[in-house]
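Right, one structure below, let's go through it.
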Amino acid sequence: MKWALVTGCSTGIGRALVAELRRTGWGVVATARKEEALADLPKGPDLRCLSLDVTNPGTIEAAVEACSDLELTALVNNAGYGQMGPLELLKPEELRFQLETNVVGLHAVTQAFLPLIRKSAKLGEGRIVHVASVLGRLSIPMAGAYNASKHAVVALAETLRLEIGREIPVIVVEPGAIQTEFRNTLVNAWGDLPQRAEGTPYFEPIDHYRRKRENFAAQHGMTAIDCARLIARAMNKRRPPRRVIVGRDSRLGQWAHRLLPMAWFEAFMRRSYRL
Ligand SMILES: NC(=O)c1ccc[n+]([C@@H]2O[C@H](COP(=O)([O-])OP(=O)(O)OC[C@H]3O[C@@H](n4cnc5c(N)ncnc54)[C@H](OP(=O)(O)O)[C@@H]3O)[C@@H](O)[C@H]2O)c1
């Protein structure tokens, strides 16, 4: 059986992808920071659950060791979260931890599992999937840390593809809004941002963001299972696509960013975010 390791399977896209990959014949190594978060996954010979925190080198090393008996041919770097906040108020440590998780963690996991994928996969059969975002191709206000992290993920994927892409295809996933836990985690990661914003010009835009945009994914986003289906479909193709743009909002946003004069695009963004 061919196996795929997925990071961040406690909820959301990662969780949905475990089911979808198993449904299409893969063995799945489901990983999460807390292994207990995986306890409700249906058991089977095609599932192995491991604890893996992408910011903790010890857990990455232990996960590689625990997979050494498997024909691991695919890695899906899905784990991540969104650090919001206007750049003027963003603490350097908030930016640092965002990059540590979404970028450095993804790189560390990729580097650690590459030898195993090389050993198990025939030429062109391996898959490395980086879950980036539409915000890896364009930027929105009040999400500078997250925008920067996802632009970096796209750059890492494109560089890796130049370096090893003929041997192991590299797929970048660029979702728009997806219905997951992402927006709850995002509000947790804010910490005391609303208090920090009091008395600044950002108070009203942040308040507006909280009231309106938190519900955006629930109202307009694609379901996690539909997103997972598109990722699995790309992984299952004999010649996988380089990019998987997920959702009409991602496609439309990228199209507008490419074709509209920058001044128009910026004016639209500022208006949408009340800046
Ligand atoms: N939802 C969207 O609208 C959207 C749009 C574009 C891109 N994305 C990207 O899609 C990916 C999955 O997010 P999601 O929407 O499915 O959100 P989610 O439901 O919040 O899932 C995120 C997963 O990442 C895990 N994670 C966070 N930090 C981690 C760490 N240090 N080590 C290991 N795992 C960690 C979380 O685990 P815990 O439960 O332990 O926190 C959780 O399992 C992320 O990379 C996100 O940036 C999401």
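The values are calculated or read from the model by the stated rules, or taken from the named source; none is laboratory data. Model, not experiment: these values are computed from the prediction. Cβ coordinates were reconstructed from backbone atoms using ideal geometry, including for glycine residues, and neighbour counts include every protein chain displayed. The protein model used for the area step is the full one, side chains on, heavy atoms only, and it has no ligands, DNA or RNA in it. Shrake-Rupley method; radii C 1.70, N 1.55, O 1.52, S 1.80 Å.
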Accessible heavy-atom area order of Met222, Met142, highest first, probe of 1.4 Å: Met222, Met142
Förster-model FRET efficiency, 30 Å R0, Val187 and Glu35, C-beta, rounded to 0.05: 0.75
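Quick one: compute the contact order of segment 1-126, relative version, from alpha carbon pairs under 8 angstrom and 6+ residues apart, as a percent. Walk me through the numbers on the way to the answer.
On the way: 185 pairs, mean separation 33.5, N = 126.
The value is 27 percent.
Hey, any idea what % of segment 1-135's accessible area is carbon plus sulfur with a 1.4 Å probe? Display every interim value, and only then the final one.
Numbers: 3210 of 5740 Å².
Heavy-atom surface of segment 1-135 belonging to carbon and sulfur, 1.4 Å probe: 56 percent.
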Accessible solvent surface per residue of segment 13-171, calculated while the other protein chains remain in place, 1.4 angstrom probe, Å²: 42
Calculated [θ] (222 nm, deg cm²/dmol) that DSSP helices of n ≥ 4 give over the chain, each run adding -39,500 (n - 2.57): -14000 deg cm²/dmol
For the chain: relative contact order, % (alpha-carbon pairs under 8 angstrom, 6 or more apart): 20
Heavy atoms of Ile245: accessible area, 1.4 Å probe, square angstrom to 10: 40
Within the accessible area of segment 181-237 (1.4 Å probe), percent carbon and sulfur: 49
Of Lys119/Lys150; Lys91/Lys119; Lys2/Lys150; Lys43/Lys237, those spanning more than 32 Å from alpha-carbon to alpha-carbon: Lys91/Lys119
